[in-house]
Structure formats: structure tokens, C-alpha cells
Amino acid sequence: MIPDTELKITNYFIRLTLKKYAVGEDGQINPNTHLGRKPYVFLTVPQAAYGRSLYGIYSDIGYDAEAILAERGERTVALVIRYRDDIKLSQRIDGKLDKESFRSFVYVPTWKNAFALFALLAGETSPTDSDPLKYLSFDDDGDRDLAGYFPPGRRARVATLPYQLLRAAGGPDWQYRPLLETKLGLNSHFRGVGITENTLSPADSRKGLPEFVGPNLRLGELEEYAVIDLGRLEFVEVHD
């Protein structure tokens, strides 16, 4: 396993998905498969999978125990991808994203970048006959307005207060925080510093994996892609 501090950032990324979504019954890769189900998807570096078990990878990228258990018995693959040259890794971490060209970048998901990206996505009007997995949808205009215009002061509270405390307090902050989770994938382990939290041992000395968010494209829209079978998780309960 490559130490966290020695992981290299390049223009190649990796994302886990279930094999049934990427590979057909005939064993052929489906080029129409999307990277995920949201307009932007979480990614990490390919070396993150070297020497790690599937269980370890899930934990390292921020899956909690419940989410890991939900994947048991499901064959999993790693999508190793490279975007086209017109989609680049942004160096911005301050949330100052360009409204006209923001979809041309992969971002480090700091809190400021996440807030800005969420607001930009919420403010878009999806073109007629557009790919629904590339645009945000909301149950009502109230949620869309909340996503697009949440005040900076309250954003700061969401970024600094623990997830459980936000939930207990309720109110507008808690109305906003679940939208970040369901629409952008910012779960309760999201740190907002561009580094994942290991859900098995969050307090150990490891740094964590570099994390990114990139545009959700179909495999066939990428410059390069490979699908690597990682097997499946099985858990056995033993009573000795």
C-alpha cells in the first residue's frame, strides 16, 4: 500500500461503482454508463487502490459501516478515467468559480468550492432534452432557492459545526445540509479540506486520500477509461 503522503496527483482519477452499471451481461463495457448519479461525482487518485482491500478502499474514501454493508454481495469495479483536455484540474480552493466555465474543471472539494459549485448547479436551467444526470433537479423551487442563495454566514456554520449538532439544532442550516448530501454527495464524513476521512480509524495518524469532484460524464465521453474488477464483499457471522 502506498503511504497517503506519497500519492501522486495526475490527470488520472478513480471512482468505484457496481459492475452491473458498467459492464453488460455480455461482458462488454457499456460506453453509455455515467460515472455516477449526480452532476458532479467524487474521485480520488488511482494509487489509492494499490494494496488495499475493497473494504479498505470503501473505508478510505469515506463510506460508513452502513453504506459498506449495503454493498455486500455486489461485484464492484474501479473506473480509472482521464477527462478530455478541455476539462482540467482547477487550482482554486477559495470558492471563486467562474459561472461561464465552471463545468470545465475538476475541483478540490473544499467547503468554499462545494458551496459555490452547489449554487452554480442550482442556478442552471437544464436545456431541452438534456442528460438528466448532468443537471440538478429539486422537488420544489424552495429547495432550489435554498441551494442557490444560502447566506454566507450560515454556510460558515454548516462548514464548522459537527454534522450531528446541525441535525439536532434543526432550522435552516439543517434544511440546507441534507441537500448537500443528496444532491452533491457530501456525507457526514465530508471534511471539506480535499482529503478523505478513513471511517474505520478516523483518529489514527494517516493523512487520508486526496479527493476531487469532477463532471459526471458517460464513459464514452472521456478521453480514456478502464474498468477493473475489484471483487465483492461478503460478511460471515460466526458464533463459536
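At a glance:
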quantity	calculated
All positions within region 32-72 that are of a type in the set (A, V, I, L, M, F, W, C) and farther than 19 Å from TYR12 by Cβ	LEU54, ALA65, ALA67, ILE68, LEU69, ALA70
Boolean, GLY62 is surrounded by 17 or more Cβ atoms within 10 Å (Cβ to Cβ), modelled with pLDDT under 95 and outside any helix (DSSP H, G or I)	yes
Pick from region 145-187, criterion touching a helix residue (DSSP H, G or I) at 6+ places or on another chain (Cβ under 8 Å) and part of a loop (DSSP other than H, G, I, E, B), ranking: surrounded by the most Cβ atoms within 10 Å (Cβ to Cβ)	LEU186
Number of the exception - THR110 against (1) free of Cβ contacts under 8 Å to residues at least 24 places away in the same chain; (2) more than 24 Å from GLU221 (Cα to Cα); (3) of a type in the set (S, T, N, Q)	(1)
Total residues in region 55-99, condition touching a strand residue (DSSP E or B) at 6+ places or on another chain (Cβ under 8 Å) and among the hydroxyl-bearing types (Ser, Thr, Tyr)	4
Residue in region 75-92 that is farther than 19 Å from HIS34 by Cβ, more than 14 Å from the chain's Cα centre (by Cα) and assigned to a strand (DSSP E or B) present	yes
Residues within region 226-240 that are of a type in the set (A, V, I, L, M) and in a strand (DSSP E or B), tallied	4
Single unsatisfied condition, GLY142 versus (1) in a loop (DSSP other than H, G, I, E, B); (2) farther than 27 Å from LYS207 by Cβ	(1)
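The values are calculated or read from the model by the stated rules, or taken from the named source; none is laboratory data. Remember, predicted model here, so these are calculated numbers, not experimental data. As a convention, Cβ positions derive from the backbone with ideal geometry for all residues, glycine included, and neighbour counts pool all protein chains shown.
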